[in-house]
Each structure stands twice: as C-alpha cells, then as structure tokens.
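Taking it in order: structure first as structure tokens, then the write-up.
The values are calculated or read from the model by the stated rules, or taken from the named source; none is laboratory data. Computed from a predicted structure; not experimentally measured. Reconstructed Cβ throughout: ideal geometry from the backbone, glycine too, with neighbour counts over all protein chains shown. Side chains included, ligands, DNA and RNA excluded: accessible areas come from the protein's heavy atoms. Shrake-Rupley method; radii C 1.70, N 1.55, O 1.52, S 1.80 Å.
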Amino acid sequence: MLDRRLERLERELMLVARCSVLTPRERKGQGPDPQTPTARPTTRPDTGTTPGAEPCAPEPCTPEPCTPTRLDRSGYLLLSRLDAEGAMTIGQLADALQLDVSTVNRQTGALLRAGLVERIPDPEGGLARKLRVTPRGADRMAAERTCRQTDLSRLLESWTPEDVARFEDVLTRFNREVERQEGRAWPREPDEAARTAE
C-alpha cells in the first residue's frame, strides 16, 4: 500500500512543480515581463540547470541505480502527460501544460531527437500530427519515476504511513483545486478521481 502511495505522491509533487499559480508562465498573446532580461539564459529557467542531466538527489538513488542521464523536469512532465493521456498534438500539450506553443515545440524537439517520442498521424483523422511515447521513452520515464520514488522514500523514511497518507491527500486536494480553477484536469485513474472529489 505504501508503494502505491509513493507512486501517487511522486506524481502530485511533479504536478505542484508545474503549478502556474506558483510559477506563472508566459502564454500565447502575452508579452514577456518587462523586467525580465531578453538575453537567452544559459540555464533552463524552469529547472536552473544547463541542458542535460538533472539529478534530483545529491547521491544516486538506491537500491536501484539511476539511469546515467536523468530526464530533466520538462521532459519528464511531457512524457508523463503523453503517457497518461495518449497521443497529443503540440497545441494540445501547450494548452494542457499552460505553456507557449514555441516552448513545447522546443522541449518536444529534444525528446524527438533522443528517440523518446515520435510523430504519428492523428488516429482520429485530424490534420495535425500527434506525439506519442516510444518504447524507449516509456523505459526512460519508468526508470526516472522509479528513481524519484526511491529518493522520495528515503526522504520520508522517518514518516509514519499515516503521515505519508495525509501528505499525499493534501497535495492531491491542492492540485485538484488548481486544476478545477484552471479548467485543465490532469488525467487520473477513475477511482482516484472519485476519491479526491469527495
């Protein structure tokens, strides 16, 4: 039961990190903050790291070793959304994550080059091509998720199961309220959606 709780808790922590209430992002039709320098930064503004690996702990996660190159936050979030919802267009991803289309295009471009996602014709006959997770991408995402959950388990090792359950419940409630106000729900299993709606 605790393993399942950790799965859900890890997901909810990922969703808090993309919460636009806490980290407003530029959207289509909005100009950049006039106090923000226009020079291109050398680090990712959303992660504070240079392009490439982003460890989420100062030491490798245990007992399973982490993959040599960790997925960065944006890549993990995009793969998680595609995994949860299935194939999506760039526009659908931008709307779901409240990001500018050019930002999502750049982020998915890196995933395409790495072979973690692929472009496919719209199964419903639409003109826009969709992105879906490749088997390689699914493996990388699963490895990253395992590593994050292991790090989280180590962080919470002194917590009681009841404390972990309360933490997960409050985080889920917070994320669901954000999603309700934004009108953009993150796909969840039906029994989870019913439980958190109570």
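Some notes on this structure:
- Of the residues ARG18, ARG81, ARG5, ARG44, the single one that is out of contact with any Gly (no Cβ under 6 Å at 6 or more places or on another chain), modelled with pLDDT of 90 or more and surrounded by 13 or more Cβ atoms within 10 Å (Cβ to Cβ) is ARG81.
- Region 108-130, subset outside any loop (DSSP other than H, G, I, E, B) and of a type outside the set (A, V, I, L, M, F, W, C), residue farthest from GLN92 (Cα to Cα): ARG113
- Qualifying residue in region 98-116 (condition: at pLDDT below 90 and surrounded by 13 or more Cβ atoms within 10 Å (Cβ to Cβ)): yes
- If the condition is being surrounded by 17 or more Cβ atoms within 10 Å (Cβ to Cβ) and hydrophobic (A, V, I, L, M, F, W, C), then region 117-130 contributes only VAL117.
- If you go through region 98-108 and keep only what is closer than 15 Å to LYS130 by Cβ and under 16 Å from the mean Cα position of the chain (by Cα), you end up with VAL104, ASN105, THR108.
- Exclusive hit being open to solvent by less than 20 Å² (accessible area, probe 1.4 Å), at pLDDT 90 or above, of a type in the set (Asp, Glu) and under 18 Å from ARG73 (Cα atoms), set GLU168, GLU144: GLU144
- Screening GLN92 with (1) among the polar types (S, T, N, Q); (2) in contact (Cβ under 8 Å) with a residue 40 or more places away in the chain; (3) within 19 Å of PRO187 (Cα to Cα) gives one miss only, at (2).
- Residue in region 180-192 that is touching a helix residue (DSSP H, G or I) at 6+ places or on another chain (Cβ under 8 Å), part of a helix (DSSP H, G or I), open to solvent by less than 60 Å² (accessible area, probe 1.4 Å) and of a type outside the set (S, T, N, Q) present: yes
- Count of region 131-141 residues which are without any contact (Cβ under 8 Å) to a residue 60 or more places away in the chain and either in contact with a helix residue (DSSP H, G or I) (Cβ under 8 Å, 6 or more places away or on another chain) or exposed (fewer than 13 other Cβ atoms within 10 Å of the Cβ) (or both): 6
- If the condition is being polar (S, T, N, Q) and in contact with a helix residue (DSSP H, G or I) (Cβ under 8 Å, 6 or more places away or on another chain), then region 95-130 contributes GLN98, THR103, ASN105, GLN107, THR108.
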